[in-house]
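Asker: Have a look at this one.
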Amino acid sequence: MGEKELTPLLPHGEKVEVNGDSIVTNSGSYCGLSVDDYPAVSLAVEQVDKFYDPMGELGSFRFTNRKKMEPLPFDGSGAMGDKNVMISTPCGLPKADHLLVFLIVGEKVTKDVNERRSDMEAFMLDFVPRVKKAMACSA
């Protein structure tokens, strides 16, 4: 992960803990970071067989104040809420035609929603290409 992009998503504290597995080991991988025992950042990557639209009706329950992310600097589609982001991007592997990448952040990082949204976007625009490279996506 890009430390510069991750740091604004973490609240100030003494102790950072990481829970979960490597985010790119397999479908359904999950990684959570907590600061002083408070959940701060949750990341999940799912390998899927087709494109799932983050702006589609099926995903609407995940978001508060959902807005489309555009344009993305890579192929795919993204949606952002006040505390979360979902991006669907092509991968091109037999087991993973597409990847779904999810981010959820805690409110302790900042009360300013616009700043939180900007920080989440910066993180995901850095993180998703890293995940695709680590998973050896061809698309």
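Asker: Starting from the amide H of residue 55, placed 1.01 Å from N in the peptide plane, find each other amide H under 5 Å away whose residue is 5 or more places distant or on another chain.
Answerer: Result for residue 55 returns nothing.
Asker: In the Gaussian network model of the chain, springs joining C-alpha atoms below 10 Å, which of 100, 33, 58 carries the largest mean-square fluctuation?
Answerer: The residue that fluctuates most here is 58.
Asker: Next question. Show me, for region 77-94, the HN-Hα J-couplings you get by feeding each phi into the Karplus relation (A = 6.51, B = -1.76, C = 1.60, θ = phi - 60°), rounded to Hz, glycine and proline as x.
Answerer: 9, x, 9, 10, x, 5, 10, 8, 9, 10, 10, 10, 9, x, 10, x, 9, x
Asker: Counting pairs of alpha carbon atoms under 8 Å apart in space and at least six apart in sequence, what relative contact order in percent does the chain give?
Answerer: Computed over the chain, the figure is 24 percent.
Asker: Kindly report the accessible area of the chain per residue (heavy atoms of protein chains, probe 1.4 Å, no ligands, DNA or RNA), in Å².
Answerer: That works out to 55 Å² for each residue.
Asker: Let me ask something else. Provide the gained length on full extension for the span residue 57 to residue 17, in nm with one decimal, where the gain is 0.36 nm per separating residue minus the Cα-Cα distance.
Answerer: Separation in residues times 0.36 nm, less the Cα-Cα distance, equals 11.0 nm.
Asker: Roughly how many percent of the accessible protein surface of the chain is carbon and sulfur, given a 1.4 Å probe and a whole-percent answer?
Answerer: 50 percent
Asker: Check the straight Cα-Cα distances from residue 133 and name the lysines below 22 Å, setting aside those fewer than 8 residues away within the same chain.
Answerer: Filter leaves 4, 50, 95.
Asker: Then there's this: Note the angle between two axes, namely the Cα long axis of helix 113-134 and the longest principal axis of the Cα atoms of the chain, as a number of degrees from 0 to 90, rounded to the nearest 10.
Answerer: 50 degrees
Asker: Right, here's the next one. Within region 26-77, list the trypsin sites (Lys or Arg not before Pro) lying in a DSSP loop whose Cβ has at most 14 other Cβ atoms in a 10 Å radius.
Answerer: 50
Asker: Relative to the compact-globule scaling 2.2 N^0.38 Å, provide the ratio for the alpha-carbon radius of gyration of region 51-139.
Answerer: Output field value: 1.08.
Asker: Additional query: Return the long-range amide H neighbours of residue 83 (sequence gap of 5 or more, or a different chain), with a cut-off of under 5 Å between placed amide H atoms.
Answerer: For residue 83, the qualifying residues are 64.
The values are calculated or read from the model by the stated rules, or taken from the named source; none is laboratory data. Keep in mind that this is a model prediction, so the values were computed, not measured. In this analysis, Cβ positions are derived from the backbone assuming ideal geometry, glycine residues included, and neighbour counts consider all displayed protein chains. Ligands, DNA and RNA are stripped out before the accessible areas are found, and what is left, the full protein with its side chains, is counted by its heavy atoms. Shrake-Rupley method; radii C 1.70, N 1.55, O 1.52, S 1.80 Å.
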